[in-house]
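Asker: First, the structure itself, so that you have it in front of you.
The values are calculated or read from the model by the stated rules, or taken from the named source; none is laboratory data. Note that the structure is predicted; figures quoted are calculated from it, not measured. Virtual Cβ from ideal backbone geometry, glycine too; neighbours counted across all protein chains shown. Ligands, DNA and RNA are stripped out before the accessible areas are found, and what is left, the full protein with its side chains, is counted by its heavy atoms. Shrake-Rupley method; radii C 1.70, N 1.55, O 1.52, S 1.80 Å.
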Amino acid sequence: MRQRVVITGMGGICGLGTSAPAIWNEMRAGRSAIGQITSPQLHDLKVKVGCEIKALPDHGIDRKQTVSMDRFSLLATIAAREAMQEAGLVSNEATTYRMGTVVGVGVCGWEAIEESYRAILVEGKNRAGIFTVPKVMPSAASGHVSMSLGLRGPVFGVTSACSSSNHAIASAVDQIRLGRADVMVAGGTDAPLVWGILKGWEALRVLAPDTCRPFSADRQGLSLGEGAGMAVLETYEHAMARGATILAEAAGAGLSADASDIVAPTVEGPTAAMRACLADAGFNPEDVDYLNAHGTGTKANDQIETAAIKRVFGDHAYKLSVSSTKSMHAHCLGASGALEMIACVMAIREGMVPPTANFREADPDCDLDVTPNVPRERKVRAAISNGFAFGGTNAVLAFKAV
């Protein structure tokens, strides 16, 4: 019989708030934080709409560590420290090699890359900053989390574009079930609100000019955001033995690939991932009450995801509560799945489904109950969270009440 893995702590930071409770309060109220980006470095952009963190909290991380951090690593470490504090865990000599971290990242340290380019190409300097390489590497976030919390077990990064968080959490669950760790801190982070990244997304012509309206017939694309979300995972037995508060169970995961197109999604890939997730969790379709959709707000994604949900859930698809919280925290790339994990866990705990904000007009091709604008009270026994990404990589997670 395989190990049950549970969540005992969560941390988060994004435009909605600088802690997991603050983020959930805004999600539950249906308040969107998407708006004009205020960074002075974003010149020459057609779209300056996104979801930025206006001010960082007093995080208490030593300056000796922060000077070698890019923003995406800092956000991950802030969220991880909050999650560990909520879980009531501190590594020590006896536990340090049984505790690890996996952090998903969609891009990397682009703040440091742009600083380097600006210094050399604009300001005429002859060398980059000394910490450019350690700031830029995608695995830096996991390294900084491990250093900040004293985690010496399995530590690595995962990168699969917008599915990175879900892949990281699934990988962390596997480390525990394989016996390599008793505790894993897992989630995702990204800080893409820099000129080069936004310029690239602008070229794809998928950025909304005003805000993100998933599943609404008048949707015009996605909005980008920055943030991080982290969860403390441990075996059920380990949590019970130390008297921890269990928030939810990480019940299963389903992974697949489209193997089709680098940017255009298919129906088959997401369908396979959702079916694999239900099978791994031991769920029947009717066991699921809430589905946190990938729901980016692009025409193609929302239609294809709706079709995939119908294939997997059949008649029960119309009884599901579906929502896209990206309508509030925007698409935070590698962090999105981790922020949506917070939504799923809290929906289970509080019996409240967060809405799809900014919804204005029904789309006949997206005809499921997408919880438009207003949260809904509902008993949520189990929830699944969809993560689909460029490259055709799909990762779906299942959570249930304990």
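Asker: Go ahead and run the numbers for FRET between Val374 and Arg127, Cβ-Cβ distance against an R0 of 60 Å, rounding to 0.05.
Answerer: After rounding, the FRET efficiency stands at 0.65.
Asker: While we're here: Given 5 Å bins starting at zero, what is the percent of C-alpha pairs of the range 104-247 in each, up to the one with the largest pair distance?
Answerer: That works out to 2, 9, 14, 16, 16, 13, 11, 9, 6, 3, 1, 0, in percent per bin.
Asker: Could you calculate the contour length gain from Ala300 to Asp44, that is, 0.36 nm times the residue separation minus the distance between their Cα atoms, to one decimal place in nm?
Answerer: Length gained, Ala300 through Asp44: 89.4 nm.
Asker: Next question. Ignoring everything except DSSP H segments at least 4 long, calculate the 222 nm mean residue ellipticity for the chain; use -39,500 (n - 2.57) per segment, divide by total residues, nearest 500.
Answerer: After summing the helix terms and dividing by residue count, I get -9500 deg cm²/dmol.
Asker: Peptides 247-258, 170-181, 194-205: what's the order by average Cβ count within 10 Å, highest mean first? Mind dumping the intermediate values first?
Answerer: Details: 247-258: 22.3, 170-181: 19.7, 194-205: 15.7.
Taking the mean over residues of other Cβ atoms within 10 Å, the ranking is 247-258, 170-181, 194-205.
Asker: For a quick check, take a GNM of the chain with Cα springs below 10 Å and name the residue from Gly387, Gly157, Gly129 with the largest mean-square fluctuation.
Answerer: Gly129
Asker: Calculate the FRET efficiency for Phe156 and Ala257 from the Cβ-Cβ distance with a Förster distance of 22 Å, rounded to the nearest 0.05. Each step should come with its number before you reach the end.
Answerer: Numbers: r = 20 Å, r/R0 = 0.92.
Once the sixth-power term is evaluated, E becomes 0.60.
Asker: Relative contact order, percent, of the chain when contacts are C-alpha pairs under 8 Å separated by at least 6 residues?
Answerer: Numbers: 1113 pairs, mean separation 94.6, N = 402.
Reported relative contact order: 24 percent.
Asker: Then there's this: Taking only C-alpha pairs under 8 Å that are 6+ residues apart, what is the relative contact order of the range 309-402 in percent? Write down the numbers at each step before the final one.
Answerer: Working: 130 pairs, mean separation 27.1, N = 94.
Across the range 309-402, relative contact order equals 29 percent.
Asker: Another question, then. Quick one: what Rg and Dmax do you get for the chain from the alpha carbons, in Å?
Answerer: 19.7, 64
Asker: Here is a follow-up. Could you pull the accessible area for Met147 with a 1.4 Å probe, rounded to 10 Å²?
Answerer: Counting only protein heavy atoms, the figure is 120 Å².
Asker: I've got another one for you. Using per-residue counts of other Cβ atoms within 10 Å, averaged over each peptide, order 292-300, 70-78 from highest down.
Answerer: By packing density, highest mean first, the sequence is 70-78, 292-300.
Asker: Using +1 at the C-beta of Lys and Arg and -1 at the C-beta of Asp and Glu, which of Cys108, Ser142, Gly254 has the Cα lying farthest in the positive direction of the dipole of the chain?
Answerer: Ser142
Asker: Could I ask something else about it? What length, rounded to one decimal in nm, is gained on full extension from Glu93 through to Ala279, with 0.36 nm per residue of separation minus their alpha-carbon distance? Provide the component values of the computation, followed by the final result.
Answerer: Values: separation 186, 0.36 × 186 = 66.96 nm, distance 3.84 nm.
My answer for the length gained is 63.1 nm.
Asker: Also: Step through the table entries Lys54/Lys400; Lys326/Lys400; Lys135/Lys199; Lys46/Lys299; Lys54/Lys125; Lys48/Lys299, compare each Cα-Cα distance with 26 Å, and write down the pairs that go over it. Show your work: numbers first, answer last.
Answerer: Numbers: Lys54/Lys400 33 Å; Lys326/Lys400 22 Å; Lys135/Lys199 21 Å; Lys46/Lys299 20 Å; Lys54/Lys125 30 Å; Lys48/Lys299 21 Å.
Cα-Cα > 26 Å for Lys54/Lys400; Lys54/Lys125; rest within.
Asker: I would also like to ask the following. Below 14 angstrom from the Cβ of Lys299, what's the summed charge of the other residues (Lys, Arg +1; Asp, Glu -1)? Could you put the intermediate results ahead of the total?
Answerer: On the way: positive: Arg205, Arg213, Arg219; negative: Asp218, Asp302, Glu305, Glu361, Asp363, Asp365.
Taking every Cβ under 14 Å from that of Lys299, the sum is -3.
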